[in-house]
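The values are calculated or read from the model by the stated rules, or taken from the named source; none is laboratory data. From a predicted model like this one, the values you see are computed outputs, not experimental measurements. Virtual Cβ from ideal backbone geometry, glycine too; neighbours counted across all protein chains shown. Surface areas here come from the heavy atoms of the whole protein model, side chains and all, with no ligands, DNA or RNA. Shrake-Rupley method; radii C 1.70, N 1.55, O 1.52, S 1.80 Å.
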Amino acid sequence: MKRFLLSLCLVPLGYAGVWLLLSHHFVWGLLVFLVCGIAGHFLTREIFSYCSEEAESTPLTWPRWAHWAVWGLVAATGLILPILRLWKAQPSWIHLDAALFLLLSLIPALRIVLRPGVKERWAQRWPMILVLLSAAVLGGYALERIPMTVHGDEGEMGCWAREILRGEGVDLFAPGRWYAIPNLFFGLGAFGMFLFGDNLFGLRMHVLCLGLCALFFAYLAAERLWGRRAACIASVILAANPYFIHLMRCGVGYTQATFFGSVVFYCFVRAYDDRKRFGAYPWIHLGGVFLGLSLLSYQANHILPPLWGLSFLFAWVVRRIDWRLFLKGILGAYTAMLLVISPLLLLGGIAHLPFRDRSQQVVIFSDGAMRHLESVYHTNGDRRIILHEQIKRGLLAPVVYPDKSLQYGGPKPILDPVAGGLLMLGVVIVCCSILHAREVFPLLWVLSLLTVGAALTIDAPFYPRIAGVVPVLALLAGRTLDRLTRLPGEIRSRLVRGVQIGAVAVVLGVIVFHNIRTYFWEYRPDRSMHYCVTAMARCISEQSPETFTYFMVPPQFYFNMGTIRLIAGDHPGMDVENPSAIISGLPSNPGRPLLFIVGVQHPDAVAMIRERYPNAQVTEHRNRDGTHLFTSVLVSSATPSET
């Protein structure tokens, strides 16, 4: 009991350490975590939880003919993919073969999952169902209104998805016209709009579903690594995380990085866990399939293939797997991955892969990025200072530095101070247990994702580029709380059991309350410039279809930008750079309703419109702070007698 109380005291100390970091007392803050983490290691080093019911499962017996039939079909459908592209077959045939390849790849893994005793195992996972339902409420409540801001990227995503619904750009393996991201990225959004509606709600529903799937696989991975208790704690931390909630509500598709990262991490954990029992290759192959799909999705996923290889390399170095499984894990997964992306490869070869261009635009080592960062950090040409500052901001993004992107721009770091303290304590504890591979895997992914996604790209930390790190951050923080509040051996005393459960409940309650308050009350997207254009788009969409809009806002915004096209649809309109010339040439009795959207940079235009149309309806649009955003002027059409 004394050891338990001492371990529990580390939680508030971790909270204090985060506040030291937030106050930019980095030396003192890191020293607190170093001392407390080492103490936490010695207090909890006897506690390593494993999933005992999985270890006692009945081994599988495959008939030889079924084994060869399934893997033969998998190989056949995979090899047909590049052949169909070489024959210049219709995209529908390539998509059909790719779907068969994916479904057949699932059969060996499902054969392992659905072995005897599956009902009993899933009956014990009722906490996961509760967490998923709670996450669905947090992510789905007022989905179309929260966040109220529709970023330009979200609008472009919806517009390209809408084109796929209309039959354009249906080759999901071909590069799209938006940053050359393959069309599968937009195809997932199109599928959501097909199911839930051709509007903003349908677009955001597809990311909500992907977010719930990411939470599901993160739970399963934690359960495999450390047991059901740690999985429940980690899933609660993830479900209530404000940035994860935002990812489930922002239709851009950054959640695709979160989803594919969780699935690939789970496949790796299953391959590692089944290395001595049921055979790891089904999970290796399935991991390779999802690696290939991830390369056809959001570009933050491109770190997953090297991260997969790094994980197997670490497991081999610490002698948790032999060299045969190491080679099988690398070659098997990469072969499946190359088969999945073979239609894309055959379009132009490896040298012309579309995501290479975008990666070169955001990497810090380009001359343009270095010039930009020199002006940001005022380094006078010393690039070592730039690299140092980027690494610091990237690695401390979860606990210190808020987002610098306009897609989220939250006021706080990814993790709240309590979860951030658990994360930092967990980093030190894991470093003291470096030979325990199950403890190290999440930290390995966290460091890699933060280094490549944040430190080595401009404007660190740019949260959309590290969207895939959120689940593994929650896993590491949840595992730390699990270790600090776990007692060795069987607990017989109800009092001790109650104290243990109460301590976990209090810590998780504080985390959940803080995070929900942060996102739904403190997060103010209406202060972003994209709130202004969203309000303009909603104003246009509220008018009748025949209303013609004169958009007097360029060059900051323009009428055909994605946000306006997604929300306002096919409403007619045009950009106006010289308002006085347009207004003076308009008829005094227009034959159709006119809507003028006037930016704050054209104050004289409102007076000119009022002078020409005295009965016009003028509305000033402001945010909650009272800041003037723009003015809308609605002119009704003339009656037949007036005409």
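Against the numbered list (1) over 12 Å from the mean Cα position of the chain (by Cα); (2) open to solvent by less than 10 Å² (accessible area, probe 1.4 Å); (3) at pLDDT below 95; (4) within 24 Å of residue 408 (Cα to Cα), residue 240 comes up short only at (3). For a quick check of your reading of the model, give me the residue pairs whose first member lies in the stretch 565-580 and is under 27 Å from residue 604 (Cα atoms) and of a type in the set (A, V, I, L, M), whose second is open to solvent by less than 40 Å² (accessible area, probe 1.4 Å) and in a helix (DSSP H, G or I), with beta-carbon atoms closer than 9 Å and at least 6 apart or on different chains. Filtered contacts from the stretch 565-580: 568/536; 568/537; 568/539; 568/540; 576/583; 576/605. Of the residues making up the stretch 617-627, at least one is of a type in the set (Asp, Glu) and free of Cβ contacts under 8 Å to residues at least 24 places away in the same chain.
Being out of contact with any Gly (no Cβ under 7 Å at 6 or more places or on another chain), of a type in the set (A, V, I, L, M, F, W, C) and open to solvent by less than 10 Å² (accessible area, probe 1.4 Å) is a property that residue 516 lacks.
Among the residues making up the stretch 193-207, a single one is in contact with a Lys or Arg (Cβ under 7 Å, 6 or more places away or on another chain) and open to solvent by 10 Å² or more (accessible area, probe 1.4 Å): 198.
Within the span defined as the stretch 134-142, one or more residues are modelled with pLDDT of 90 or more and of a type in the set (Phe, Trp, Tyr). Can you go through 125, 115, 85 and tell me which one is open to solvent by less than 40 Å² (accessible area, probe 1.4 Å), out of contact with any Cys (no Cβ under 8 Å at 6 or more places or on another chain), over 21 Å from residue 287 (Cβ atoms) and at pLDDT below 85? Of 125, 115, 85, the one residue that is open to solvent by less than 40 Å² (accessible area, probe 1.4 Å), out of contact with any Cys (no Cβ under 8 Å at 6 or more places or on another chain), over 21 Å from residue 287 (Cβ atoms) and at pLDDT below 85 is 125.
Which of the residues spanning the stretch 517-539 are out of contact with any Ser or Thr (no Cβ under 6 Å at 6 or more places or on another chain), in contact (Cβ under 8 Å) with a residue 24 or more places away in the chain and assigned to a helix (DSSP H, G or I)? Break it down into steps so the answer makes sense when it comes.
First, the residues of the stretch 517-539 that are out of contact with any Ser or Thr (no Cβ under 6 Å at 6 or more places or on another chain): 517-524, 526-527, 529, 532, 535-536, 538.
Pick out the ones that are also in contact (Cβ under 8 Å) with a residue 24 or more places away in the chain and you get 518-520, 522-524, 526-527, 529, 532, 535-536, 538.
If the condition is that a residue be out of contact with any Ser or Thr (no Cβ under 6 Å at 6 or more places or on another chain), in contact (Cβ under 8 Å) with a residue 24 or more places away in the chain and assigned to a helix (DSSP H, G or I), then 518, 519, 520, 522, 526, 527, 529, 532, 535, 536, 538 are the ones that fit.
Whether any residue in the stretch 274-296 is in a loop (DSSP other than H, G, I, E, B), touching a Ser or Thr at 6+ places or on another chain (Cβ under 9 Å) and among the basic types (Lys, Arg) is what I want to check. Yes, there is a match, as at least one residue in the stretch 274-296 is in a loop (DSSP other than H, G, I, E, B), touching a Ser or Thr at 6+ places or on another chain (Cβ under 9 Å) and among the basic types (Lys, Arg).
If I go through the stretch 291-317 residue by residue, how many of them are open to solvent by 20 Å² or more (accessible area, probe 1.4 Å) and either at pLDDT below 90 or under 24 Å from the mean Cα position of the chain (by Cα) (or both)?
As a first pass, look at the stretch 291-317 and keep what is open to solvent by 20 Å² or more (accessible area, probe 1.4 Å): 293, 298-300, 302-303, 306, 310, 313-314, 316-317.
Of the ones still in play, those that are also either at pLDDT below 90 or under 24 Å from the mean Cα position of the chain (by Cα) (or both) are 293, 298-300, 302-303, 306, 310.
Number satisfying all stated conditions: 8.
So if I check each of 262, 235, which one is of a type outside the set (Phe, Trp, Tyr), more than 14 Å from residue 134 (Cα to Cα) and at pLDDT 95 or above? Answer to the check: 262.
Looking at 557, 551, 630, can you tell me which residue is modelled with pLDDT under 90 and aromatic (Phe, Trp, Tyr)?
On the way: 551 fails: modelled with pLDDT under 90; 630 fails: modelled with pLDDT under 90.
Unique residue meeting the criteria: 557.
Within the stretch 339-360, not a single residue is modelled with pLDDT of 90 or more, among the polar types (S, T, N, Q), open to solvent by 70 Å² or more (accessible area, probe 1.4 Å) and in a helix (DSSP H, G or I).
Against the numbered list (1) open to solvent by 10 Å² or more (accessible area, probe 1.4 Å); (2) out of contact with any Pro (no Cβ under 9 Å at 6 or more places or on another chain); (3) in contact (Cβ under 8 Å) with a residue 40 or more places away in the chain, residue 425 comes up short only at (1).
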